[in-house]
Amino acid sequence: MKHLKCTGGFTLIEIMVVIVILSLLAVLVAPKIIGRSDDAKIADAKIQIRNFETALKLYKLDNGVFPGTEQGLQALVDKPASGVIPKKYREGGYLENREIPQDPWGNDFVYISPGQHGDYDLYSFGADGVKGGEGKDADVESWNMR
């Protein structure tokens with residue numbers, strides 16, 4: 001009877017080398033990927049603010065004024081029933097989805113009109129959900145976007 005020599009498969013050393021290489025990649029790459037999610041949320045908040053600004057400009061173009069603070073961003077979805085009532089409110093509102101999205105951290109955007117920095121102030125409190133902060137916790141403000 002002949003003995004067949006099996007040549008397939010990996011040795012223990014080969015498997016350990018692959019595990020070490022994968023571990024090194026995880027240690028080097030994972031922090032960079034994880035840190036980018038904060039940057040992506042900040043960029044998303046800026047995009048949402050820009051979308052609100054476009055809708056607010058259309059609202060003003062149609063009605064001559066921006067919605068007041070008491071009317072809030074909801075005026076972009078539903079015709080206000082209090083404050084300055086818009087005379088030429090666009091049927092279907094001013095936002096495509098007919099809803100006011102929350103910021104990327106699950107909080108409401110803050111809208112004040114008239115604002116301290118222009119016709120209105122529009123901002124998100126950032127990752128920490130409170131006014132102020134630095135880095136990923138910094139507020140994302142319509143008047144201070146780069």
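What follows draws every value from the coordinates through simple rules; no lab data is involved. Predicted, not measured: the structure shown is a model, and the values here were computed from it. Don't worry about glycine lacking a Cβ; one is built from the backbone with ideal geometry, like all the others, and counts go over all protein chains shown.
Rank-order 64-73, 88-97 by packing density, defined as the average count of other C-beta atoms within 10 Å over each peptide's residues, highest first.
The densest-packed peptide leads the list: 64-73, 88-97.
Angle check, please: helix 12-63 long axis (alpha carbons) against the longest principal axis of the chain (alpha carbons), in degrees 0 to 90, nearest 10.
Once rounded, the angle reads 10 degrees.
Quick one: of 46/131; 57/87; 41/79; 57/88; 60/87, which pairs are farther than 19 Å apart, Cα to Cα?
41/79
Can you put 143, 105 in order, fewest other beta carbons within 10 Å first?
Starting with the residue having the fewest Cβ neighbours, the order is 143, 105.
Sequence gap at least 6, Cα distance under 8 Å: using those rules, report the relative contact order of the chain to the nearest whole percent.
Here the relative contact order equals 18 percent.
In nm, to one decimal, how far is the modelled label at residue 60 from the one at residue 136, with both set 7 Å along Cα→Cβ?
That separation, rounded to one decimal, is 3.5 nm.
How big, in percent, is the set of alpha carbon pairs in the chain lying more than 28 Å apart?
42
Taking a label point 7 Å from the Cα of residue 97 along the Cα→Cβ vector, which residues of the range 46-65 have an amide N closer than 17 Å to it?
46-56
Just grab the label-to-label distance for residue 81 and residue 116, each label 7 Å out from Cα along the Cβ direction, in nm (one decimal).
Going by the 7 Å Cα→Cβ label model, 3.3 nm.
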